[in-house]
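Note sheet for the following structure.
Values in this text are rule-based calculations from the coordinates and carry no lab data. Since this is a predicted model, take the numbers as computed values, not measurements. Glycine also receives a Cβ, built like all others from the backbone with ideal geometry; neighbour counts cover every protein chain displayed.
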Amino acid sequence: MNDALKRAAAEKALDDVKPGMKLGIGTGSTADLFTKALGAKVRGGLDIIGVPTSERTRALAEKEGIRLSTLDELGELDLTIDGADEIGPGLDLIKGGGGALLREKIVASASRRMIVIADGTKVVPTLGAFPLPIEVVAFGLAATRAAINTVLRACGLDGALELRGDADHPFVTDGGHYILDAHLAKIPEPAQLAPMLVGIPGVVDHGLFINLAEKAYVAGQDGVETLTA
Ligand code: 5RP
């Protein structure tokens, strides 16, 4: 049932894709549905050029026959379409459940607009029930973990930091880094936490997307609702 809702949101976003656009293409199950729908449009003659936000999306987009390039070649993109793990007030997001948060944030930040596609379960009054992914370098992991805990406590937050995967086989991102998932339950002030996390040596980035999304297409039983920031 969720797949039908994800597909509805993904297909709605196709309306925003115009010929000639330079498009950021997101990662995750909802973004996959968008990529497949976009592929059908491309095979029908729509001319766009895409920048994938992960190797997973690159493989799918190539299979779909979507022309791809890089941010280095294209410069600013017109639009990025991507999913989210949580959509909070003001369209602040948690992303990175699929481990692609770094490239997703680089691509969204290099786009004039970002549109989020999701089913209604992703909309929350306060971010944080979904564990916050924090991408870290492998070197000095224990020191980085301690520094993150210090920042969390300074922000009045507490909760376990769990290495994604397991100690013997950690999940490795496309950038060759690890992910610590922060189980915080609630993040009442994401805009306060975000810069403090990136200030820690060893933290590459985190899944808080603040002031990046322009609108969200959220699909529920009654149709697709448009949320604006
Ligand atoms: C990947 C992401 C995804 O957008 C997020 O995890 C949502 O995925 P899904 O559409 O499968 O629920 O941030 O890094």
Quick one: Debye curve from the alpha-carbon atoms of the stretch 132-205 only, equal weights, vacuum; give me log10 I(q)/I(0) at q = 0.15, 0.23 Å⁻¹ to two decimals. -0.45, -1.05
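List the longest stretch of the chain that has no exposed loop site; here a site is one of the chymotrypsin sites (Phe, Trp or Tyr not before Pro) assigned by DSSP to anything other than H, G, I, E or B, with at most 16 other Cβ within 10 Å.
Within the chain, the longest run free of exposed chymotrypsin sites (Phe, Trp or Tyr not before Pro) spans 1-138.
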Given the chain, report the % of alpha carbon pairs whose separation exceeds 33 Å. 15 percent
For the stretch 31-159, take the alpha-carbon Rg, divide it by the Kirkwood Rh, and send me Rg/Rh. 1.03
Taking amide hydrogens as modeled 1.01 Å from N in the peptide plane, which residues meet the under 5 Å criterion relative to T80, leaving out close sequence neighbours? G24, R113, M114, I115
Pairs beyond 32 Å (Cα-Cα), from K41/K186; K63/K186; K63/K105: K41/K186; K63/K186
With θ taken as phi - 60° and the coefficients 6.51, -1.76 and 1.60, list the Karplus ³J(HN,Hα) couplings across the stretch 198-211 in order, rounded to whole Hz; mark glycine and proline as x. 6, x, 8, x, x, 8, 7, 5, 9, x, 7, 10, 10, 6
Sorted by packing (mean other beta-carbon atoms within 10 Å per residue), highest first, where do 84-97, 15-28 land? 84-97, 15-28
So how strong a dipole does the stretch 132-205 carry about its Cα centre when Lys and Arg Cβ are +1 and Asp and Glu Cβ are -1, to the nearest 20 debye? 240 debye
Net charge, S111 excluded, C-beta distance under 10 Å - Lys, Arg +1, Asp, Glu -1: -1
Please compute the alpha carbon radius of gyration of the stretch 1-92, then divide it by the globular-protein estimate 2.2 N^0.38 Å. Two decimals is fine. 1.04
Arranged by the count of other C-beta atoms within 10 angstrom, fewest first, what order do D205, D166, D78 take? D166, D78, D205
